[in-house]
């Protein structure tokens with residue numbers, strides 16, 4: 001079972017519940033399992049897990065239906081229903097579903113996959129039962145007004161077009177058709193233009209009546225709740241639902257019917273900077289006994305930085321920008337999926353070596369240490385899902401829905417432990433079959449114009465590459481049939497207060513105890529980043545951050561990666577516009593080892609010449625990939641267009657030419673400046689205080705302070721207020737309106753945060769007016785960026801080009817209204833609750849809390865500034881927000897950034 005990916009809510013994974021009606025509510029838990037599973041009289045299952053770490057509850061309702069349960073003419077109906085449940089019900093007008101949840105500080109959403117649909121909400125524990133009422137109303141009380149359906153179909157089509165602007169989405173659609181032909185898995189979850197356009201309200205009603213049976217539903221409630229009260233509430237809300245037909249669990253699709261009879265290769269050109277390549281083999285679904293072995297194989301090949309293919313093609317030979325391997329397990333089918341992004345000139349060399357590697361792959365390619373490390377990290381990823389209530393709810397829901405067994409987690413870990421060389425060899429022989437290989441590639445337009453390689457020009461290049469790639473497979477990987485085994489922060493914080501340790505010279509240690517799980521998170525922030533750079537060295541701080549952990553005395557980059565993997569640890573460095581961050585997370589039992597490595601990286605980085613060259617290439621590849629994505633392009637240009645004559649105006653990643661001129665000496669010189677800047681280390685989780693304090697003190701002693709620390713200063717805003725970009729062969733236009741506001745250290749900070757939350761969200765006036773009422777775009781959002789001394793509040797919409805002027809006018813009219821008419825107090829109260837709810841949801845993980853504390857304090861701000869802002873915002877009124885609106889949302893001061901096809 002691909003646990004990590006199945007636990008992602010928006011992953012393309014299926015969840016299934018196999019139950020039949022029983023005479024009464026029946027407990028089916030085992031005595032040694034913490035959670036309770038009860039089956040109601042109508043067959044609906046309810047899983048409850050009390051957890052009082054946070055004043056929150058995570059509620060999920062899984063339904064055994066998705067795009068794989070549609071007919072060809074219905075393609076996309078499951079996803080359209082997901083949209084329509086927010087567009088008005090028997091109890092609630094359009095937008096009120098989100099409004100009611102957001103009003104108490106919660107979050108509500110829904111997601112559709114191939115085999116399941118999930119409705120999810122995370123909200124304060126005092127209001128968790130509201131989610132049940134909302135879920136039932138959304139599904140069984142949806143009005144499905146024909147006008148709303150027609151309006152929302154346009155939104156879905158806009159979303160579809162938005163996806164087609166993404167090369168990764170396009171390439172997966174092609175792989176679907178190749179690997180799962182003539183099945184309901186062959187079409188995208190979102191459907192097609194023609195099928196979505198033809199769907200009507202009555203089609204959706206009939207779909208709900210047929211597919212939404214209580215016997216095929218699982219309700220999961222995790223958080224500060226009572227088991228008995230949760231079951232009683234579920235019975236009260238859902239117990240009256242009736243099954244209208246019997247359900248027969250679907251059988252896995254025979255593996256021999258999937259894929260083709262021979263390898264398939266498709267190459268297409270497009271407006272890209274990079275080549276995007278995917279290769280896939282059909283595999284069995286999640287119930288297969290081979291599922292765990294396939295997950296281990298995928299991790300060994302391309303699951304992390306230590307994996308075979310990443311180490312060879314990304315690190316050693318530098319033929320790719322990224323490469324990964326994953327096992328996608330669905331209900332009736334699966335997929336072993338290889339993904340790579342590379343320069344087009346490297347495609348021939350990469351492809352030949354790649355096919356040779358797959359054709360000769362065997363278990364003995366991996367040492368016992370490597371196999372053990374992979375299994376350790378897969379086990380660790382499962383345990384770490386329990387860190388947040390949402391992760392725990394997804395884990396429990398996954399095992400209950402897939403297995404219907406309270407001991408499923410234990411069984412999975414047993415299966416994981418049993419994977420050995422013999423099992424791997426059998427799985428390789430069974431599933432890496434060249435006759436079932438499906439390949440899809442997108443190449444840059446420039447490739448088709450470059451005749452330097454003696455290939456045909458124009459459209460012929462794509463065809464020639466396609467032929468060449470297919471011939472490599474046929475020549476270097478002869479078919480050898482092998483039968484597969486399968487034929488188918490809360491109240492407890494009062495006792496766990498933060499502790500501050502002054503290390504001298506502007507260096508501080510913050511201790512944030514949380515002994516819930518045996519893990520430790522460490523975050524460290526230095527002042528600096530781009531603030532230390534002259535204009536001609538743009539991109540250097542990013543490069544320094546990338547190379548910093550790539551070598552120390554006695555350990556190479558790959559040895560560091562292996563060391564971290566052997567300890568189930570993560571260590572990351574990143575440079576920003578005004579800070580450098582270093583973080584690590586690891587099992588507490590490895591604290592001494594990881595703190596030692598952490599210290600060695602910061603006190604003795606070697607910045608190897610080859611690693612500098614490698615990371616320059618990686619950084620350039622990142623720039624080019626962002627240029628391929630509309631939103632990536634827009635946000636890359638945002639700061640250079642908004643500001644001038646200040647480090648905030650830099651291209652943080654750099655420009656290709658200037659990046660190419662940077663040297664190792666530049667990196668070393670910058671590090672000498674960076675290491676002497678003030679810093680804050682925050683440690684959160686389960687830890688030995690003495691070990692932590694000693695490690696921090698050693699760092700303070702080894703990193704001498706500078707005489708003149710860098711200061712945070714406000715940037716100079718640009719005199720030009722409009723900037724337009726164009727990207728060829730794209731479907732959507734993107735509009736960003738930016739309003740200058742003060743920094744987070746200023747008095748209006750809490751009010752601006754409340755204004756952002758009150759205006760935003762699915763029940764906020766921006767979304768409600770521009771998307772729901774006027775149908776101007778699929779995505780409408782707000783975001784607030786603030787440094788200590790400056791910031792901006794931005795409004796965004798993704799729309800079709802012909803609606804761009806209307807969208808601009810929609811923003812303008814709404815702002816004009818906000819200047820003269822206060823928002824209703826109910827909306828303001830919703831915004832306040834959202835501030836609180838968002839904060840606790842976003843700060844469940846240890847690393848999020850340690851990073852927040854170190855980042856804020858490094859800027860000279862309190863470590864709990866965000867929580868203080870929530871408290872300060874509670875006293876603000878609608879009149880206060882109108883005052884802020886008139887003060888900062890002035891159209892004449894706004895900056896407009898537009899990206900058009």
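The values are calculated or read from the model by the stated rules, or taken from the named source; none is laboratory data. From a predicted model like this one, the values you see are computed outputs, not experimental measurements. As a convention, Cβ positions derive from the backbone with ideal geometry for all residues, glycine included, and neighbour counts pool all protein chains shown.
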Mind checking which residues of the range 861-883 are under 27 Å from residue 818 (Cα atoms) and in contact with a strand residue (DSSP E or B) (Cβ under 9 Å, 6 or more places away or on another chain)? none
Could you grab me the full set of residues in the range 145-171 that are crowded, with 20+ Cβ neighbours inside 10 Å and part of a loop (DSSP other than H, G, I, E, B)? 165
Taking the condition of being in contact with a helix residue (DSSP H, G or I) (Cβ under 8 Å, 6 or more places away or on another chain) and over 30 Å from residue 46 (Cβ atoms), how many residues in the range 226-278 meet it? 21
Which one is farthest from the chain's Cα centre (by Cα), of the residues in the range 271-289 that are more than 22 Å from residue 351 (Cβ to Cβ) and surrounded by fewer than 24 Cβ atoms within 10 Å (Cβ to Cβ)? 289
Considering only residues of the range 153-171 that are within 20 Å of residue 74 (Cβ to Cβ) and touching a helix residue (DSSP H, G or I) at 6+ places or on another chain (Cβ under 7 Å), which is modelled with the lowest pLDDT? 163
Specify the residue that is farthest from the chain's Cα centre (by Cα); the eligible residues are those in the range 118-130 that are more than 19 Å from residue 91 (Cβ to Cβ) and surrounded by fewer than 24 Cβ atoms within 10 Å (Cβ to Cβ). 126
When every residue in the range 102-117 that is assigned to a strand (DSSP E or B) and closer than 15 Å to residue 69 by Cβ is compared, the one farthest from the chain's Cα centre (by Cα) is 117
Among the residues of the range 487-499, is any in a strand (DSSP E or B), at pLDDT 80 or above, in contact with a helix residue (DSSP H, G or I) (Cβ under 9 Å, 6 or more places away or on another chain) and surrounded by fewer than 16 Cβ atoms within 10 Å (Cβ to Cβ)? yes
Evaluate the following for residue 195: is it surrounded by fewer than 20 Cβ atoms within 10 Å (Cβ to Cβ) and outside the structural domain of residue 139 (by TED's automatic domain parsing)? no
Would you mind listing the helices (runs of 4 or more DSSP H) fully within the range 562-646 where at least 3 residues are farther than 15 Å from residue 552 by Cβ and more than 21 Å from the chain's Cα centre (by Cα)? 609-628, 630-642
Scan of the range 61-89 for residues that are part of a loop (DSSP other than H, G, I, E, B) and within 19 Å of residue 150 (Cα to Cα), ordered by number: 75, 76, 85, 86, 87, 88
Could you say which residue among 115, 137, 133, 100 is in contact with a helix residue (DSSP H, G or I) (Cβ under 8 Å, 6 or more places away or on another chain), surrounded by fewer than 18 Cβ atoms within 10 Å (Cβ to Cβ) and over 17 Å from residue 196 (Cβ atoms)? 133
Please verify whether the range 444-461 includes one or more residues that are modelled with pLDDT of 80 or more, touching a helix residue (DSSP H, G or I) at 6+ places or on another chain (Cβ under 9 Å) and either farther than 30 Å from residue 517 by Cβ or surrounded by fewer than 16 Cβ atoms within 10 Å (Cβ to Cβ) (or both). yes
Given the residues 818, 847, 899, 814, which is the only one that is in contact with a strand residue (DSSP E or B) (Cβ under 8 Å, 6 or more places away or on another chain) and part of a helix (DSSP H, G or I)? 847
Taking the range 504-539 on its own, how many of its residues are assigned to a loop (DSSP other than H, G, I, E, B) and either modelled with pLDDT under 95 or over 26 Å from the mean Cα position of the chain (by Cα) (or both)? 11
Please verify whether the range 59-75 includes one or more residues that are crowded, with 19+ Cβ neighbours inside 10 Å, modelled with pLDDT under 90 and either in the same structural domain as residue 325 (by TED's automatic domain parsing) or closer than 23 Å to residue 128 by Cα (or both). no
Among the listed residues 315, 310, which satisfies the condition of being modelled with pLDDT of 95 or more and outside any loop (DSSP other than H, G, I, E, B)? 310
How about the range 743-761: which of its residues are surrounded by 20 or more Cβ atoms within 10 Å (Cβ to Cβ) and assigned to a loop (DSSP other than H, G, I, E, B)? 744, 760, 761
Scan the range 430-439 and give yes if some residue there is within 30 Å of residue 343 (Cβ to Cβ) and either in a strand (DSSP E or B) or at pLDDT below 60 (or both), otherwise no. yes
